[in-house]
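One structure is given below, encoded as structure tokens.
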Amino acid sequence: MYDQECTNNLDLVGRVVATEKCPNTAQSFSFWTNLDSPVGIGTIVKIESDKVHYEHRQDRHYRREVFGIVTEGISYTDLDSPLNDYISSDYEPLSSHFARTERPEIRYYTASVLKMDPEEPVQPVPIGNVYLATDSCVRKSLRMDSYEKTKLPVGLYINGDNQSPVYLDSNFLLGPEAAHLNVTGVSGLATKTSIIEFLLTGISQHYKCDGGIATVLFNVKGYDLLFLDQPAEDLSEAELKMYEKLGIKPEPFRNVKYYAPFKEDGFNLNTHRTNEELVADVNPLSWGLNEIFDHVQVLLNKDDIDAKADAFLSLLKERVINTDKQDQCYCVYEKVKDFNDLEKWFQRVFAQIEGEEEGSEGKTGWKGHATATIRKVYNRLMNIKTRCKGLVTNTSDTHDLPWGNFEDKAIYVVDIANVLPLAQDLVFTRIVEELKTRLEERTLGVDKVIVFVDELNKYASSDSGNSYLKQTLLEISERGRYLGLVLFSAQQFKSQVHKRIVGNCGTSIYGRMDMDELATQGYSVMPASVKAELTVLEKGKLLIRHPHFNQYIFVKFPRPPVLTSQKGAKKFPPAKEKGFEDAMVMHFKRLDPAIKANDVKDAVHGVEPEEVMRAFNETERKGMHKPMEYFKNILRKKPPRNSFVESHSPAAGGTTIDDWLSD
Ligand SMILES: Nc1ncnc2c1ncn2[C@@H]1O[C@H](COP(=O)(O)OP(=O)(O)OP(=O)(O)O)[C@@H](O)[C@H]1O
Ligand SMILES: [Mg+2]
């Protein structure tokens, strides 16, 4: 008896054919179908061999099974030449309204092998019946039965009425076997950001990782990732059914935290998520000397950091910045912990150089470093504050990501859409480097982090330039898997991204693409019919390449369960830029929503903004139990908020205001 499980329930659609001119191989085969069979490019089929084999070891009969995916289709009739048809139509199109001769017509498809059963020995595909794949065939053909416990839904394989879930293997998407994901396709139609949001939803609901997993998303475009905690408003019935079939609840993310630098004024947040209802969970991001000094290379271009400047920077790092040892020899009389201290230190050095120069006939150096080099480094370093205003502060009061306290399944969105490219580079590099170090030391709070970088071609382009940021991204793609640092990336043109970065992505997703892009070298291995399909792909349909799948697979996914950027921008329009006092009210409400606006305004009125920020930052660090009281206690130079009439009332002084003024 041969095994005939489930074949009885399958739709028989055609027969495998092989000729001497067009033989079957172990990788591909051909078959015909009748004209109304629902078979097309991308359809998964199952072949059952005609011949029954006998297995000695198991003492059973079986038929060979082959699963394949259609990659090419042609159709033709027995007509020898178009001339014959022309003549038989009496040279008149009207007369051929109905064919004079009904000719046999064939649909002839070529398919690539997805899986054979048994896998060994590797043999050409046998002749047999062709069936449409069911859910269980799809599961088997894509080897999804081998990773039931680590599966993550990515979309549905759709053929006619049949919708079968397709899963990725988290061991191959998030490590340790393989890692990284890249999505490519034209703007808008490829739904790149959407599939990332959808996958992250699946990960947040299904993925289990002992040490916990967090996600850091960099928002580089407008409102793109600013409403991840808000529910989608109009998912259709069909989409909700897709969610059900994929086993995902259509709910927004629960634990999302937003971070954005300040604007140039130093108190308004530089983000579009400033609507009163949402601004409470946006945290500021601002760094001082300490945070950025290790990454100053990002901010200095190649010409700036020649060997001499590099040596001087090393001296700063070793002897000056943040050292506890006071060293008069190096002009360090107090701890240099922020840009203000560094400025003072440089001034001391310049004074010393000038002093020496007077006495020593034009001595032009200090501790072996040329004055020109010192001045250059000074200018470049101090320039950082101007170029990254709002992100880099003079003082050591900083706001940062919750290093050490990252939470499982939390999403940290860093909004850098509105800052200059230089500051964007700094944010990327610092955060990714810090993630790397902390994952290595296991001091982050979670064991795994997904980092999402949109517009990858901007940050890691394939041209020859070798930026610091590109090196960082390269390193994640090459070493991240060991550390638990997984790179999710998206871009419009994959051909413009550094080869080694995309080459290391275990999983690739393609949305609608341009012919020009598909004609580039990187797509030469893709079958022509798949390329043709890609150029007309509808929204929500994607092509997947995953280590378990032997061929490219098309899937469809529903819109993500979060508010879209367009709708979000309308529903939660950003608030107008605030004056200083109102901005402080907003920041205090972030600490404690119960704080009254008037209390804040009274407290900060007339005080220098810098002093208010200092006191506020200290409150945030130390006085969170009673923020308003703590703030008032530590605020210096607070003038009484009494009106002139009250403080100089005639009753108190026996004079009128006019008398007082004329005095
Ligand atoms: N599964 C889907 N089915 C149908 N439409 C979708 C689906 N997912 C997203 N869309 C729609 O497609 C549009 C573009 O989506 P998205 O922002 O993800 O594109 P993108 O490829 O990231 O574009 P860009 O390159 O400009 O960032 C959105 O308006 C969204 O509503
Ligand atoms: Mg996008």
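Of note:
- Looking across segment 219-250, the residues that are within 13 Å of ligand 1 (Cβ to nearest atom) and not aliphatic (A, V, I, L, M) come down to Asn219, Lys221, Gly222, Tyr223, Asp224, Phe227, Glu233, Asp234, Ser236, Glu239, Tyr243, Pro250.
- Matching option when the condition is β-branched (Val, Ile, Thr), within 26 Å of the chain's Cα centre (by Cα) and within 23 Å of Ala111 (Cβ to Cβ), among Val536, Val497, Val562, Val525: Val536
- Selection of segment 171-191 for residues being part of a loop (DSSP other than H, G, I, E, B) and either within 14 Å of ligand 1 (Cβ to nearest atom) or surrounded by fewer than 20 Cβ atoms within 10 Å (Cβ to Cβ) (or both) yields Pro176, Glu177, Ala178, Gly185, Val186, Ser187, Gly188, Leu189, Ala190, Thr191.
- Residue in segment 567-582 that is within 16 Å of ligand 1 (Cβ to nearest atom), part of a loop (DSSP other than H, G, I, E, B) and closer than 24 Å to Gly185 by Cα present: no
- Segment 64-111, residues that are among the small types (Gly, Ala, Ser), surrounded by 13 or more Cβ atoms within 10 Å (Cβ to Cβ) and over 26 Å from Pro23 (Cα atoms): Ser88, Ser89, Ser96
Condition check ((1) under 30 Å from Arg500 (Cα atoms); (2) under 20 Å from the mean Cα position of the chain (by Cα); (3) of a type in the set (Ser, Thr, Tyr); (4) within 16 Å of ligand 2 (Cβ to nearest atom)) across all residues:
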residue	(1), (2), (3), (4)
Asn182	yes, yes, no, yes
Ser194	yes, yes, yes, yes
Phe227	no, yes, no, yes
Leu246	no, no, no, no
Asn255	no, yes, no, no
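- Conditions (1) surrounded by fewer than 17 Cβ atoms within 10 Å (Cβ to Cβ); (2) in the same structural domain as Lys192 (by TED's automatic domain parsing); number of the one not met by Met382: (2)
- Of all the criteria given as (1) out of contact with any helix residue (DSSP H, G or I) (no Cβ under 8 Å at 6 or more places or on another chain); (2) within 20 Å of Val432 (Cα to Cα); (3) within 16 Å of ligand 1 (Cβ to nearest atom), the one not satisfied by Asn466 is (3).
- Near pairs, Cβ below 6 angstrom, 6+ apart or cross-chain, from segment 187-209 (closer than 27 Å to Val536 by Cβ) to any residue that is of a type in the set (D, E, K, R) and more than 7 Å from ligand 1 (Cβ to nearest atom): Leu189/Arg512; Ala190/Arg512
- Flag for Lys556 being surrounded by 16 or more Cβ atoms within 10 Å (Cβ to Cβ), more than 16 Å from ligand 2 (Cβ to nearest atom), of a type in the set (Lys, Arg) and under 30 Å from Gln205 (Cα atoms): yes
- Residue within segment 386-396 that is under 22 Å from Val282 (Cβ atoms), buried (at least 17 other Cβ atoms within 10 Å of the Cβ) and under 18 Å from the mean Cα position of the chain (by Cα) present: no
- When Gly511 is tested against (1) in contact with a Ser or Thr (Cβ under 6 Å, 6 or more places away or on another chain); (2) at pLDDT 95 or above; (3) away from ligand 2 (no atom under 16 Å from the Cβ), exactly one condition is not met: (3).
- Neighbours by Cβ (under 6 Å, 6+ apart or cross-chain): first from segment 268-281, under 13 Å from His587 (Cα atoms); second surrounded by fewer than 21 Cβ atoms within 10 Å (Cβ to Cβ) and charged (D, E, K, R): Asn268/Glu577; Asn268/Lys578; Ala280/Arg590
- Residues in segment 418-435 that are within 28 Å of Arg254 (Cβ to Cβ), buried (at least 20 other Cβ atoms within 10 Å of the Cβ) and in contact with a Ser or Thr (Cβ under 8 Å, 6 or more places away or on another chain): Phe428, Val432.
- Some residue of segment 92-103 being touching a strand residue (DSSP E or B) at 6+ places or on another chain (Cβ under 9 Å), touching a residue at least 12 places away in the same chain (Cβ under 8 Å) and outside the structural domain of Ser489 (by TED's automatic domain parsing): yes
- Checking every residue in segment 148-170 against the condition of being among the basic types (Lys, Arg), within 14 Å of ligand 1 (Cβ to nearest atom) and crowded, with 20+ Cβ neighbours inside 10 Å gives zero matches.
- If you go through segment 583-617 and keep only what is without any contact (Cβ under 8 Å) to a residue 12 or more places away in the chain and in a loop (DSSP other than H, G, I, E, B), you end up with Ala594, Lys596.
The values are calculated or read from the model by the stated rules, or taken from the named source; none is laboratory data. Just so you know, these numbers come straight off a predicted model, no measurement behind them. We place every Cβ from the backbone using ideal geometry, glycine too, and count neighbours over all the protein chains shown.
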